[in-house]
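Asker: Take this structure, written in C-alpha cells, and hold onto it; I'll ask about it next.
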Protein chains: 4
Amino acid sequence: MPVPTHVFDPPFNILRASHCVLDVTDLAASRKFYADTIGLHVEDADADAVYLRGSEEHQHHSLVLRQAETAACNRIGFKVATERDLDRAVTFLEGLRIAHEIVTRPFQGRTLQFTDPFGFRIELYAEMEKRPHLLRRYDLYKGCHPQRLDHFNVFAAEVQDTIDFYARLGFRLTEYGEEDGEGGRIAAAWMHRKGNVHDFAITNGSGPRLHHFAYWVPTAMNILHLCDVMASSGYLANIERGPGRHGVSNAFFLYVRDPDGHRLEIYTSDYNTGDHDHAPLRWSLKDPRRQTLWGAPAPRSWFEQGSIFVDQPVREPLFVADVTIAD
Amino acid sequence: MPVPTHVFDPPFNILRASHCVLDVTDLAASRKFYADTIGLHVEDADADAVYLRGSEEHQHHSLVLRQAETAACNRIGFKVATERDLDRAVTFLEGLRIAHEIVTRPFQGRTLQFTDPFGFRIELYAEMEKRPHLLRRYDLYKGCHPQRLDHFNVFAAEVQDTIDFYARLGFRLTEYGEEDGEGGRIAAAWMHRKGNVHDFAITNGSGPRLHHFAYWVPTAMNILHLCDVMASSGYLANIERGPGRHGVSNAFFLYVRDPDGHRLEIYTSDYNTGDHDHAPLRWSLKDPRRQTLWGAPAPRSWFEQGSIFVDQPVREPLFVADVTIAD
Amino acid sequence: MPVPTHVFDPPFNILRASHCVLDVTDLAASRKFYADTIGLHVEDADADAVYLRGSEEHQHHSLVLRQAETAACNRIGFKVATERDLDRAVTFLEGLRIAHEIVTRPFQGRTLQFTDPFGFRIELYAEMEKRPHLLRRYDLYKGCHPQRLDHFNVFAAEVQDTIDFYARLGFRLTEYGEEDGEGGRIAAAWMHRKGNVHDFAITNGSGPRLHHFAYWVPTAMNILHLCDVMASSGYLANIERGPGRHGVSNAFFLYVRDPDGHRLEIYTSDYNTGDHDHAPLRWSLKDPRRQTLWGAPAPRSWFEQGSIFVDQPVREPLFVADVTIAD
Amino acid sequence: MPVPTHVFDPPFNILRASHCVLDVTDLAASRKFYADTIGLHVEDADADAVYLRGSEEHQHHSLVLRQAETAACNRIGFKVATERDLDRAVTFLEGLRIAHEIVTRPFQGRTLQFTDPFGFRIELYAEMEKRPHLLRRYDLYKGCHPQRLDHFNVFAAEVQDTIDFYARLGFRLTEYGEEDGEGGRIAAAWMHRKGNVHDFAITNGSGPRLHHFAYWVPTAMNILHLCDVMASSGYLANIERGPGRHGVSNAFFLYVRDPDGHRLEIYTSDYNTGDHDHAPLRWSLKDPRRQTLWGAPAPRSWFEQGSIFVDQPVREPLFVADVTIAD
C-alpha cells in the first residue's frame, strides 16, 4: 500500500502533540492517580476539571481531566506555530467542508476545534498560558518523573485514509507495519511533526478510538519504580503491559490503565528523525520483535481495548490485517 | 507443615553457595554464551572444560562448563569455613551412612563429594585457588556485569524432607510458600547461610533437578541491557521470563536458558538476613505477587523444566501443591 | 605496622553496626532533613526525640535524633547475637576495668552502654522492637530510598590501638591505608562483622570524633537524584563531596552534612567479605585512586571536620600520616 | 546586551550540528580511545583517517579523525536541509564576501567549506552516505553507548558578534549567561536549530577555539560506567570534569580529554525547545548553579583550554566577563 510522501510545506504548521482532554467518571480518583502515582504536576483545578503537566513543559497543561457521566476521550490537542497557522487551518477545513469552530478554552488562546473525517476530535491552538517549567525543581518530582506529553496513538477504522489525511497535514512517516507480499496493506503508522518517532500513531482497528497517550520519562529506572509503586498501592490490576522494549521506535515502555480504563504509556529512549532525508522503517507484521523486542507477548486487552471519542460511533475496520497470532 | 527452627551450631560450617558444574554438549557454544553474552570472566580453559567467575569473586571459578554427551547438572558446590569443617562433614555423612569420597578437583583443595538422600550431587571444599578479584577492573566488564554466584534453586520430589535435611546443616529459612489452611504444606523454601535471602532454594516438583543457578548484578539497568543484547544477537528464544520483580526476595530478575537449556537467573536487589532473630516470611500460594510483584505471569516452561543431575533418576513429587493456576 | 589477625571466636558476638544516636540543636529541622529529603521512615517521635529507619530494616530504629543544646554524636550502637552475648560483653568489660552500665532505652531490650578506651561511646543490645519491614512498600519510598544503616567511620587519635581493640572484638580487617616503606603506619582501617566491607572504619585524626555514618541505597541513580533534590530545595551547601567512586570499598558515594553538620554518607556497590580466608586489601597512602577512583579531589572539610562525642575531649592524633597533599 | 531575536526564515536551512573533523597526532591512539573506550562505531578507516558514528546515526560519520602533525580542530560540520540550501548558502556567503569553496569529501555529497568572520572553519552539506543505524544492534554496543553527536561549544573572541552572526543564520537562543546590571554583556549563548538546547554554544574567551563537541548517551549510568572504565584503563588523567549536573541545559555531564587533549562532552537529559514561542532562559554570571547545579567547582583547565582551529590565529577576547571566581 502507498507509503505517503512527506509534505514539507503543509497547509498550516502543526508543531507537535500538545495535550489530551479526558472525560473521567470520578475526578478525585483520577486526580489521585495522575498526580500522586504517575507524578504529573497539578497546575490548576476546580470542581469540574483538573489541569496537569510534566516537569519539562512550559505550557499550562498537557492533560485535562473533566468530570463526566461517561468515560471517553474528549479531544486531543496539537499546537500550531502561530496564530496565522490557525487562520490557515480554518481555510483548509473550509476547503474540505469539515465543520469547525473557534472556541474558548481555559488557559488557552484562540482554539480551533473540529472532528476529522474519521471521527477524531481535534483541537488546535497557537498560544497557551506559560508557566515556568519545573525541570530543575527536583524537589517537586514525584512518581515516575513524567517530563512531557509525547504522542497519541489511535485506532482508525479507515487506516490508510487516516494516514493519508495526516500526511497531507505534514505528519511524516517514521515507521510502519505492513502485510508481507504484493498489495500488502499498512496496518499501523508512526508519524511525527516535532522530530522524534511520533506525535501521532494510527493503528488499524475498530475506531475512532484512542489507544493511548504517552508521557516521556528520563530513564527505565523511573518506569521500574512506577511498577513497584503501583503494585504496592492498589494499582496492580492497572499495570497492563510491560515493562519491555518495543522494536518499533526502540521505546522502553509500560502501559497502565487509569481508573476509567484510559490507557497511558510511560516510555523512554526513542530517537531523532528531524533530517529532511529521513527514511521510514518498515516492519513486517510477521516480525514479533516489532511489538516486543524481548519476546514477551502483549495481553489481548492491549490489542482490543481503547477509549471512545465523545459522541463518535465506533466502526469496524475496513480490513483485518494478517498478523501472527502471538502478536 | 513444620517450619524448621534455625540450627545455630550445625555439624559443620557451610559458608555459602560457591560454584556450579554443568555438563554441556557444545563447549564452544556454551563458553560463547557465558563469556561473551552474559559476561563472566574465563579464568582457565582446556579442551574439556571452561572455568568462569564473576567480577567480585576472589575464587578461581564459580561456574565450570564440562564437555559431555548429555546436558546435565554435574554437581553444585558449597564452600565450608575450614579444612576441619570438611573433616566434620565426613563424620556427619558417615553417621548417616551417606556414600561420599574425597576427590581431587582442578584449582580446588581437598574436595568432599556426595549425593544427598534426595539425589542432589554436592561437593564441599574449604580452599580454592585465589585470583585477584576484578571488581575494579571495569575495563574488563562485559555483558550484564555479573558479580558473583549467589544461589541454587532445585526441584525436590520430597520437598519437606529436603528442607529439613538442609536445615539440619544450618541453612536458615528466610521465606517460604505454603498452602493455606490447617495442615497446609510447604511448597517452596528459601534458605541461606551467607546472610542474604538464599544460598539454596528448594521447590516442590519432579526431582532431583536443578531449576536454576543465579548470578547477582549491580543494577536493573544491567539486566535490561542483557535483554537488548540477547534480542539482537540470536538469543531471543533464550529469554524465558522477565524482566520483573519477584515478591519473594524482592529480586529484580531475568531468567535465561543457555544453549543446552540450563536455566540461569540474573538478579539484583534482595536484602540482608544476618540477624540472629531474623524471622521467616510466609507467602500464601494463592498470592500472585509472590511470583511476580507486577502481575505478569510466568510461562509454563518455567514451572516445568529443569536440568537433571547426572545419573540421578527423576521422581514425581510426593504431592501436588494447591497453587492458583495463574501462577 | 601490624595488620591484626582475625579473631574467629571473639569474647562476644557482635552482629553488625545497628544505629546512631545524634544530638541535634533543632529537632524539627533535622527531622525534615532526614525524613523528607533523605527519605528515612519516621517510626516514632515525641518532643525530645525522633526515631527513623530504612526501608529494609525490621528493627525499630537505626537513627535517633535527640533535641540537645549542643550538636554531638551521643553514641553509636551495635547489635549482638543474643542476650548471652550481652552478659559476655559485661564480663569482658569488667576484665578490662572499663566502666559500663545496663541501661533502658526506648524500644530496645536490655542495653549495655560504655565508653571505649579511646573515647567512643558505644551501646550494645540483642533485642529491639521489630516492625514489619517496608522493603516492598514502594508506595512509601521517598528521597534517595535509604535501605539500611551500614557502617560508622570515626577519627581516632590512637589509630593502631583502636584498630587492635576492635580486632580483639572480632572486627575483621577488609581494606587499609598504610604508609609506604618499612615501619609504615596504618592510617585507616575498614573492619566488618556482617560480611561486607565494613561495619566500623577507623581513621587517623583528631579524635574521638564521628567522621560519618552511612546508609546503603540500591543504585547510583538514587544518589544522583538526591543531589538534584538537595540543589533545588535549599540544601546545596550541605552537599560536601561527590558523587563519585571510592577506590576503597568500590563504593559509589555521596557525603552530605545535616543541619548540624553531622556527616552522612549515602552509598552503594561494595562487596561481600564473608569467606573465612578473605584477605585484607592494602592501599598505599600515595595512591590517589584510594580516595576517589575518578580523580576528583575531596574538599578540605572532609578531611578535617567531624562530630564530637558527648563529653569526650578531642585529642590530637599520635602521628600525622605521610599522605600526598592532593588527598 | 542585545539578545538576538529568532529568525524564522533564515537565508538557508541548517538542520543541525552534524560532524566534527579533528586533526590528531597519533591516529591509532585516537581510534583506540574513541572506538574502544568511548564506544563509537568505526564505519571506515584508512591510513590517514578514521570515520566514526553513534548508534542512532544513519549518517556515515559524525566524527572524523585525521592523522596530522599538529593537533587541531580541522572543521565542524552542519547538515542543511537540501541541495538548494547549499546554493542559498553560497549566495549568502558571496553577499558577505566570505571566501568559500565547494569541495569533495569522502562519503559526503557536495560540500561547502568556509571560514566564518570569527575564524571558525565550517562545512555544510545536504547529503552524506547513509548506513543502517545501529540503535537496535545492542550486540555491538560498547563503552558509554554514545548515540549521536549533539553540539559544538566554541570560545569566541568576539562573542556578541559571533552570536549575532549565527542568529542571522537561524540559530535560536535557548539559554545565556549575562553580566548583571545595566549594560551587562552576554558571555555565553546556547543556540539550536534541531529543537533541543543547542547545536552550537558560543562562549567568551580566547578564540577561535573549540571548547568541546558532545555526544548524547541514554542515561547517567552510561556516564558513571565510563568513569570507572577510564579510571581502570589508563585514562584517569583524561577525566577532566564531572560527572555532575549543569544548571545550564539541565545536562548530566562528563568532560574527558582525548589523547591529543581535544575535549569531548558525554551528556544526557536536556530538553525540547521546538515551540515557536520558546523563550530564552537567562543566567546571572554570579549564579554558581549555572555551571554545576550540585556545587562542585570545575578545574581551571576547563575554563582555559581548548583546541585551535587549523591555520586560525587565536585572539584575546574583547572583554573579560565579570564572573565569580569560584566559577
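Asker: Test residue A:207 against the criterion of being at pLDDT 95 or above and over 25 Å from residue A:13 (Cα atoms), and give yes or no. Show your work before the answer.
Answerer: Numbers: at pLDDT 95 or above: yes; over 25 Å from residue A:13 (Cα atoms): yes.
Yes, satisfied.
Asker: Mind checking which pairs have a first residue in segment C:1-21 that is basic (Lys, Arg) and a second that is at pLDDT 95 or above, Cβ under 6 Å, 6 or more apart or different chains?
Answerer: Here the result reads C:16/C:79; C:16/C:193; C:16/C:194; C:16/C:199, each pair linking segment C:1-21 to a residue that is at pLDDT 95 or above.
Asker: Which of the residues that make up segment D:250-268 are at positive phi and buried (at least 21 other Cβ atoms within 10 Å of the Cβ)?
Answerer: Step one: filter segment D:250-268 for residues at positive phi, giving D:250, D:261.
Selection gives D:250 alone.
Asker: Scan segment C:270-279 and give yes if some residue there is within 14 Å of chain A (Cβ to nearest Cβ) and open to solvent by less than 50 Å² (accessible area, probe 1.4 Å), otherwise no.
Answerer: Of segment C:270-279, the ones within 14 Å of chain A (Cβ to nearest Cβ) are none.
No; the residues of segment C:270-279 include none that is within 14 Å of chain A (Cβ to nearest Cβ) and open to solvent by less than 50 Å² (accessible area, probe 1.4 Å).
Asker: Please go through segment A:82-134 and pick out each residue that is acidic (Asp, Glu) and open to solvent by 40 Å² or more (accessible area, probe 1.4 Å). Don't jump to the end; show me each part of the working.
Answerer: Filtering segment A:82-134 down to residues acidic (Asp, Glu) leaves A:83, A:85, A:87, A:94, A:101, A:116, A:123, A:127, A:129.
A:83, A:87, A:94, A:101, A:127, A:129 - these are the residues of segment A:82-134 that are acidic (Asp, Glu) and open to solvent by 40 Å² or more (accessible area, probe 1.4 Å).
Asker: Okay, next question. So, in segment C:69-84, how many residues would count as being within 14 Å of another protein chain (Cβ to nearest Cβ) and in contact with a strand residue (DSSP E or B) (Cβ under 8 Å, 6 or more places away or on another chain)?
Answerer: Initial filter on segment C:69-84 (within 14 Å of another protein chain (Cβ to nearest Cβ)): C:77-84.
Next cut, in contact with a strand residue (DSSP E or B) (Cβ under 8 Å, 6 or more places away or on another chain) only: C:77-81.
Final tally of qualifying residues: 5.
Asker: Same structure again: Assuming residue C:282 fulfils every condition listed in (1) out of contact with any helix residue (DSSP H, G or I) (no Cβ under 7 Å at 6 or more places or on another chain); (2) part of a strand (DSSP E or B); (3) open to solvent by less than 60 Å² (accessible area, probe 1.4 Å) apart from one, which condition is it?
Answerer: Against the list (1) out of contact with any helix residue (DSSP H, G or I) (no Cβ under 7 Å at 6 or more places or on another chain); (2) part of a strand (DSSP E or B); (3) open to solvent by less than 60 Å² (accessible area, probe 1.4 Å), residue C:282 comes up short only on (3).
Asker: Would you mind finding the one in C:47, C:126, C:71 that is touching a helix residue (DSSP H, G or I) at 6+ places or on another chain (Cβ under 6 Å) and within 27 Å of residue C:264 (Cα to Cα)? Spell out how you get there, then give the answer.
Answerer: Numbers: C:47 fails: touching a helix residue (DSSP H, G or I) at 6+ places or on another chain (Cβ under 6 Å); C:71 fails: touching a helix residue (DSSP H, G or I) at 6+ places or on another chain (Cβ under 6 Å).
The unique qualifying residue is C:126.
Asker: Here's another thing I want to ask about it. So, residue D:267, is that one among the aromatic types (Phe, Trp, Tyr), touching a strand residue (DSSP E or B) at 6+ places or on another chain (Cβ under 9 Å) and closer than 28 Å to residue D:167 by Cβ or not? If you could, list the steps in order and put the result at the bottom.
Answerer: Values: among the aromatic types (Phe, Trp, Tyr): yes; touching a strand residue (DSSP E or B) at 6+ places or on another chain (Cβ under 9 Å): yes; closer than 28 Å to residue D:167 by Cβ: yes.
Judged against the criteria, residue D:267 is a match.
Asker: Could you figure out which of (1) closer than 19 Å to residue A:137 by Cβ; (2) in a loop (DSSP other than H, G, I, E, B); (3) at pLDDT 95 or above isn't true of residue D:292?
Answerer: Checking residue D:292 against (1) closer than 19 Å to residue A:137 by Cβ; (2) in a loop (DSSP other than H, G, I, E, B); (3) at pLDDT 95 or above, the one that fails is (3).
Asker: Can you tell me how many residues in segment C:285-294 are open to solvent by 50 Å² or more (accessible area, probe 1.4 Å) and facing another protein chain (nearest Cβ under 7 Å)?
Answerer: Qualifying residue count, segment C:285-294: 1.
Asker: Here is a follow-up. Name the residues in segment A:222-248 that are touching a Lys or Arg at 6+ places or on another chain (Cβ under 6 Å) and within 24 Å of residue B:231 (Cα to Cα), would you?
Answerer: Applying the first criterion (touching a Lys or Arg at 6+ places or on another chain (Cβ under 6 Å)) to segment A:222-248 yields A:232, A:238, A:240, A:247-248.
Once the filter is applied, which keeps residues that are touching a Lys or Arg at 6+ places or on another chain (Cβ under 6 Å) and within 24 Å of residue B:231 (Cα to Cα), segment A:222-248 yields A:240, A:247, A:248.
Asker: Any idea how many residues of segment D:225-235 are in contact with a Pro (Cβ under 8 Å, 6 or more places away or on another chain) and surrounded by fewer than 23 Cβ atoms within 10 Å (Cβ to Cβ)?
Answerer: Just the residues of segment D:225-235 that are in contact with a Pro (Cβ under 8 Å, 6 or more places away or on another chain), to begin with: D:227.
Those still in the list that are surrounded by fewer than 23 Cβ atoms within 10 Å (Cβ to Cβ) too: none.
The qualifying residues number 0.
Asker: Could you look through segment B:52-73, keep only residues that are outside any loop (DSSP other than H, G, I, E, B) and open to solvent by 20 Å² or more (accessible area, probe 1.4 Å), and pick out the one that is farthest from residue B:149 (Cα to Cα)? Don't jump to the end; show me each part of the working.
Answerer: Quick first cut of segment B:52-73, residues outside any loop (DSSP other than H, G, I, E, B) only: B:52-53, B:59, B:63-67, B:72-73.
Checking the rest, the ones that are also open to solvent by 20 Å² or more (accessible area, probe 1.4 Å) come to B:66-67.
Working: B:66: 18, B:67: 21 Å.
The selected residue is B:67.
Asker: Based on this model, can you work out whether residue B:180 counts as touching a residue at least 24 places away in the same chain (Cβ under 8 Å) and within 24 Å of residue B:72 (Cβ to Cβ)? It would help to see each step written out before you state the result.
Answerer: Working: touching a residue at least 24 places away in the same chain (Cβ under 8 Å): yes; within 24 Å of residue B:72 (Cβ to Cβ): no.
When the stated conditions are applied, residue B:180 does not pass them.
Asker: What's the number of the condition residue C:299 fails, among (1) within 10 Å of another protein chain (Cβ to nearest Cβ); (2) open to solvent by less than 30 Å² (accessible area, probe 1.4 Å)?
Answerer: If we test residue C:299 against (1) within 10 Å of another protein chain (Cβ to nearest Cβ); (2) open to solvent by less than 30 Å² (accessible area, probe 1.4 Å), just (2) comes out false.
Asker: Identify, by number, the condition in (1) closer than 25 Å to residue C:190 by Cα; (2) touching a Lys or Arg at 6+ places or on another chain (Cβ under 6 Å) that residue C:41 doesn't meet.
Answerer: Exception for residue C:41: condition (1).
Asker: OK, next. Return the residues of segment C:111-128 that are of a type in the set (D, E, K, R) and within 14 Å of another protein chain (Cβ to nearest Cβ); say none if nothing qualifies.
Answerer: Within segment C:111-128, C:127 is the sole residue that qualifies.
Asker: Exactly one of (1) within 16 Å of the chain's Cα centre (by Cα); (2) under 17 Å from residue D:145 (Cα atoms) is unmet by residue D:200. Its number?
Answerer: (2)
Asker: Does segment C:135-158 contain any residue that is farther than 28 Å from residue B:247 by Cβ, in contact (Cβ under 8 Å) with a residue 40 or more places away in the chain, open to solvent by 20 Å² or more (accessible area, probe 1.4 Å) and assigned by TED's automatic domain parsing to the domain that holds residue C:197?
Answerer: So the first thing to find is which residues in segment C:135-158 are farther than 28 Å from residue B:247 by Cβ, and the list is C:151-158.
So of that shortlist, the ones also in contact (Cβ under 8 Å) with a residue 40 or more places away in the chain come out as C:151-158.
Subsequent filtering for residues that are open to solvent by 20 Å² or more (accessible area, probe 1.4 Å) retains C:158.
The next check asks that each one be assigned by TED's automatic domain parsing to the domain that holds residue C:197; those that pass are C:158.
Yes, there is a match, as at least one residue in segment C:135-158 is farther than 28 Å from residue B:247 by Cβ, in contact (Cβ under 8 Å) with a residue 40 or more places away in the chain, open to solvent by 20 Å² or more (accessible area, probe 1.4 Å) and assigned by TED's automatic domain parsing to the domain that holds residue C:197.
The values are calculated or read from the model by the stated rules, or taken from the named source; none is laboratory data. Bear in mind that the values here come from a model prediction, so they are computed numbers and not experimental data. Neighbour counts run over all protein chains shown; Cβ positions are idealised from the backbone, glycine included. For accessibility, only protein heavy atoms count, side chains too; no ligands or nucleic acids. Shrake-Rupley method; radii C 1.70, N 1.55, O 1.52, S 1.80 Å.
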